[in-house]
1. Taking Leu70 and the conditions (1) outside any helix (DSSP H, G or I); (2) surrounded by 15 or more Cβ atoms within 10 Å (Cβ to Cβ); (3) over 26 Å from the mean Cα position of the chain (by Cα), which numbered condition does it fall short on, given that it satisfies the others?
2. In the set Gly19, Gly13, which member is at positive phi and modelled with pLDDT under 85?
3. Among Ser389, Ser360, which is surrounded by fewer than 19 Cβ atoms within 10 Å (Cβ to Cβ), closer than 23 Å to Leu168 by Cα, out of contact with any Asp or Glu (no Cβ under 7 Å at 6 or more places or on another chain) and polar (S, T, N, Q)?
4. Taking only region 344-385 into account, find how many residues are among the hydroxyl-bearing types (Ser, Thr, Tyr), in contact with a Cys (Cβ under 7 Å, 6 or more places away or on another chain) and within 16 Å of Ile302 (Cα to Cα).
5. Identify all residues within region 48-67 that are touching a helix residue (DSSP H, G or I) at 6+ places or on another chain (Cβ under 7 Å) and open to solvent by less than 40 Å² (accessible area, probe 1.4 Å); write none if there are none.
6. Kindly indicate whether any position in region 229-236 is closer than 24 Å to Trp390 by Cβ, open to solvent by 10 Å² or more (accessible area, probe 1.4 Å) and not in a loop (DSSP other than H, G, I, E, B).
7. With the checklist (1) under 27 Å from the mean Cα position of the chain (by Cα); (2) on the phi > 0 side of the Ramachandran plot; (3) modelled with pLDDT under 85 in hand, flag the one item Gly114 doesn't pass.
Amino acid sequence: MALYAAAASVLAGVENRQGSIKGLVYSSSFQNVKQLYALVCETQRYSAVLDAVIASAGLLRSEKKLRPHLAKVLVYELLLGKGFRGGGGRWKPLLGRHQARLKAELARLKVHRGVSRNEDLLDVGTKSESVSQVPRFVRVNTLKTCSDDVVDYFKRQGFSYQGRASSLDDLRALKGKHFLLDPLLPELLVFPAQTDLHEHPLYRAGHFILQDKASCLPAMLLAPPPGSHVIDACAAPGNKTSHLAALMKNQGKIFAFDLDAKRLAFMATLLARAGVSCCELAEKDFLAVSPSDPRYRQVHYILLDPSCSGSGMLTRQLEEPGAGTPSKERLCALAGFQQRALCHALSFPSLQRLVYSTCSLCQEENEEVVRDALQQNPGAFRLVPVLPSWPHRGLGTFPGAEHCLRASPETTLTGGFFIAVIERVEVPSSVSQAEALAPDLTPSPAPKRKKRR
């Protein structure tokens, strides 16, 4: 099947350092990128287990024409996945000849390691254990439904609803078919880490979005009210855009920009499925968007989530095995672009509030970009202190950096993330905003001479 061949090709590309899983999936010719991405990630997550089972069963020795990456994908589907999709084509009878041996080797491996569940076979170190414990977050799409209805649907499917969580410990303790309401976001449901909902009918119908909690924070903190005009500067693949639309109740306008035509096409499909009608997509570089364009004169809110190293992504260890911190050269190039994009966003004349976010852990892409942008706009903007109870704050590299938020599997049970909320400094009502920001070029009046008596 095309799905398995595409998945094998992506796995081979990752191993040969040709790119990340996400990048290779989007550049593939396979249409259902969500399905392909999920299959590759899960296969890679169980890579060591699959290698051991395949080797013990002697599969590649028996089937010399079967390539290793394709074998890994097929064995994952047979033993750990949902079975062969669409019948399995010519691969089903081939694997069928080895099914009993493969299952026996998997069972033997469990006995050897003293575990009973497949997920317990995963090798975990301190960091990877933290990553594997990050729950499955489900954002209810309020454009189509409400949290109560989604909760009721899951309960009818045999899930047990535990109410609102009171702490991270509640989320860590989730197991089996139990789920909770997130303590911070009112439309975010939380399931155990290994819960797979990619084929769930409510997900396929756009009634909920599979989105990490940290990724939900930017739109929540931007908080544009219904009727707002908003720019989503680097918008694809569109989860944050759909969240903005839900917060705005589809009232107002979202101008969404992205340079990648393929990602933008995928985003259009996602937004349509989510029922978003207030978004205008444009295949355009945000840096080429003119702040003086009359179309954007009412834009008071901007969400800027630019391209970054992705060093905080949960799948990074899967995508780039053994990869460390991005090179200084790459960080420098990324930070340069991010700073230009942030300064450009701050130049929109009606801007009142901006959220800058990345899925990077690197100071160069986060605190340093925000610091430099604020220094280039002295007195015009300020960092807003948000979520005072959030446990992970910005690095103290400059005064006020503690107002920024960081996230990580270890501290917040989420993916790695950075968020800064920036607001325009208010000016006295008697002074127009344009007057307050314009340089004072009026010559000082000459001092009056005293009359001689």
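The values are calculated or read from the model by the stated rules, or taken from the named source; none is laboratory data. No experiment lies behind these values; they were computed from the predicted model shown. Note: ideal-geometry Cβ built from the backbone for every residue, glycine included; neighbour counts use all protein chains shown. Calculation scope for accessible area: heavy atoms of the full protein, side chains included, ligands and nucleic acids excluded. Shrake-Rupley method; radii C 1.70, N 1.55, O 1.52, S 1.80 Å.
1. Only one criterion is unmet by Leu70, namely (1).
2. Details: Gly13 fails: at positive phi.
The match here is Gly19.
3. Details: Ser360 fails: surrounded by fewer than 19 Cβ atoms within 10 Å (Cβ to Cβ).
Just a single option satisfies the conditions, and that option is Ser389.
4. Pass one, region 344-385, residues among the hydroxyl-bearing types (Ser, Thr, Tyr): 347, 350, 356-358, 360.
If we keep only those that are in contact with a Cys (Cβ under 7 Å, 6 or more places away or on another chain) as well, we get 358, 360.
Those still in the list that are within 16 Å of Ile302 (Cα to Cα) too: 358.
Final tally of qualifying residues: 1.
5. Val49, Leu50, Ala52, Val53, Ile54, Ala57, Leu59, Glu63, Leu66
6. No, there is no match, as no residue in region 229-236 is closer than 24 Å to Trp390 by Cβ, open to solvent by 10 Å² or more (accessible area, probe 1.4 Å) and not in a loop (DSSP other than H, G, I, E, B).
7. (1)
Here is a yes/no grid of residues against (1) buried (at least 17 other Cβ atoms within 10 Å of the Cβ); (2) assigned to a loop (DSSP other than H, G, I, E, B):
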{"site": "Leu174", "(1), (2)": "yes, yes"}
{"site": "Pro183", "(1), (2)": "no, yes"}
{"site": "Leu189", "(1), (2)": "yes, no"}
{"site": "Thr195", "(1), (2)": "yes, yes"}
{"site": "His198", "(1), (2)": "no, yes"}
{"site": "Leu217", "(1), (2)": "yes, no"}
